Amino acid sequence: MPDLALKIDVDTHPGLGQGLPRLLDCLARHRVAASVFVSMGPDNSGKAIRRLFTRKGFAKKMLRSNAVRLYGLRTALYGTLLPAPEIARSFPDALRRTVAEGHDLGIHGHDHVYWHDRVLGLSQAEVAREIDRSLDAFVDIVGTPPAGFAAPGWQCGESALAALERGPFRYHSSTRGLYPYRPRIGAVEGRLPEIPTTLPTADELLGDGVAKERLLEIYVAALGERALDVLTVHAEVEGGAHLEFFARLLERLSGRVRFRRLLDVAAEIGRGPLPVCALVQGTRPGRAGTVSCQVA
Ligand SMILES: [Zn+2]
């Protein structure tokens, strides 16, 4: 039976307030444990969405866009016309519930938009400051530090890799790749295991022109090629407009895969030697911009 780790990224205020609870309900019904990563700081989604459009006609385009359908109009304006609300501190019970229900809870950065857009150009000290802010909020709410870190937007450069090494983390899941490894970039060789996302995300497949009805078949066909697959889902996507797809995915995979938490995978692989692989920026079909990729 192939192993599958579900990695749930929570990028936004409604993602944590509404999307994650829906996903947790669904996981509980199927008795599946997952790894959940939450952006701990402000929700600046509006800034991310604003950069997709030219300034002229921004509001009109935004009202018609997919972003508004997926995230809602309020979220599409957070950090621009509306103030940026705090994500984790607005819904501490959602974090505590995640832990109480046996999931592996980790950090998905402090300010998702800032990390996504700027991290590759930040110094190690600047990245460390972002990580420390997210850790402060996490420990305040949960009481203990997290085991895992997942870089927003799969953006992990030399300074980020070095900064993650000094934290309390036992693993990270910050890149796209084929199997767990220790990343090397520039002068930095990571000591912690990196467990990459191996499968395309649903929003990438949809963005690449795949029909919604075919998503399930594509995932079922892809499983089993590797010893371990990691699928990233988003609280704002699978916990929102595509909740039915997520429910059908769990139903279809029950009994066909062994669901693993990344925390447990990390504990297991941490005992043996891991291959060292280079990290580069690469593209993924259906996704704008570049992501950090394992050179396998
Ligand atoms: Zn994210």
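Near Ala137, once Lys and Arg are set to +1 and Asp and Glu to -1 for all other residues with Cβ below 11 Å from its Cβ, the sum equals -2. In terms of the Cα gyration tensor, with a ≥ b ≥ c the square roots of its eigenvalues, is the chain rounded because a/c is under 1.5, prolate because a/b exceeds b/c, or oblate? Taking the square roots of the gyration eigenvalues as a ≥ b ≥ c, the chain is rounded.
Once the piece of chain linking Asp93 and Glu244 is laid out straight, how much longer is it, given 0.36 nm per residue of separation minus the C-alpha distance between them? Provide the component values of the computation, followed by the final result.
Details: separation 151, 0.36 × 151 = 54.36 nm, distance 2.44 nm.
Length gained, Asp93 through Glu244: 51.9 nm.
Each Cα pair under 8 Å and six or more residues apart adds its separation to the average, and for the chain the resulting relative contact order is 27 percent.
Taking only protein heavy atoms and a 1.4 Å probe, what accessible area per residue, in Å², does the chain have with all protein chains in place? All intermediate terms of the calculation are to be shown ahead of the outcome.
On the way: 12750 Å² over 296 residues.
Heavy-atom SASA per residue in the chain reads 43 Å².
Taking 7 Å steps out from each Cα toward its Cβ at Asp25 and Ala296 produces label points 3.6 nm apart. Let a ≥ b ≥ c be the square roots of the eigenvalues of the Cα gyration tensor of the stretch 185-296; is it rounded (a/c under 1.5), or, if not, prolate (a/b larger than b/c) or oblate? Oblate shape, in that a/c is at least 1.5 and b/c is the bigger or equal ratio. For the stretch 153-271, the relative contact order works out to 22 percent when only alpha carbon pairs closer than 8 Å and six or more residues apart are counted. What shape does the stretch 247-296 take by its C-alpha gyration tensor, where a ≥ b ≥ c are the square roots of the eigenvalues and a/c under 1.5 counts as rounded, a/b above b/c as prolate, and the rest as oblate? Oblate shape, in that a/c is at least 1.5 and b/c is the bigger or equal ratio.
Take every DSSP beta bridge with both residues inside the chain and express the antiparallel ones as a percent of the total, to the nearest 5. Don't skip to the end; give the middle numbers.
Working: 9 of 37 bridges.
Close to 25 percent.
Assigning unit charges at the beta carbon (Lys, Arg +1; Asp, Glu -1) and nothing else, what dipole magnitude in debye, to the nearest 20, does the chain show about its Cα centre? Can you show the working numbers first?
On the way: 38 positive and 33 negative charges, 139 e Å.
Here the size comes out at about 660 debye.
GNM on the chain, alpha-carbon springs under 10 angstrom: the most fluctuating residue among His234, His172, His116 is His116. Largest mean-square fluctuation among Glu217, Glu189, Glu130, in a Gaussian network model of the chain whose springs join Cα atoms under 10 Å apart, belongs to Glu217. Provide the net charge surrounding Glu158, with neighbours chosen by a C-beta distance below 13 Å and charges set as Lys +1, Arg +1, Asp -1, Glu -1. So the surrounding residues net to -2.
Counting other Cβ atoms within 10 Å, keep those with at most 13, restrict to DSSP loop, and tell me which trypsin sites (Lys or Arg not before Pro) in the stretch 207-296 are left. Present the calculation step by step, with values, prior to reporting the outcome.
Details: sites: Lys212, Arg214, Arg226, Arg248, Arg252, Arg256, Arg258, Arg260, Arg261, Arg271, Arg287; in loops: Arg226, Arg256, Arg261, Arg271, Arg287.
Here the trypsin sites (Lys or Arg not before Pro) that fit, given the DSSP loop and packing criteria, are Arg256, Arg271.
With a cut-off of 12 Å between beta carbons, the residues surrounding Arg287 carry a summed charge of -1, where Lys and Arg count +1 and Asp and Glu -1. Using a Gaussian network model of the chain in which every pair of alpha carbons under 10 angstrom is joined by a spring, one finds that among Thr232, Thr283, Thr201 the greatest mean-square fluctuation is at Thr283.
The values are calculated or read from the model by the stated rules, or taken from the named source; none is laboratory data. Predicted, not measured: the structure shown is a model, and the values here were computed from it. Glycine also receives a Cβ, built like all others from the backbone with ideal geometry; neighbour counts cover every protein chain displayed. Heads up: the accessible areas ignore ligands, DNA and RNA and are worked out on the full protein's heavy atoms, side chains in. Shrake-Rupley method; radii C 1.70, N 1.55, O 1.52, S 1.80 Å.
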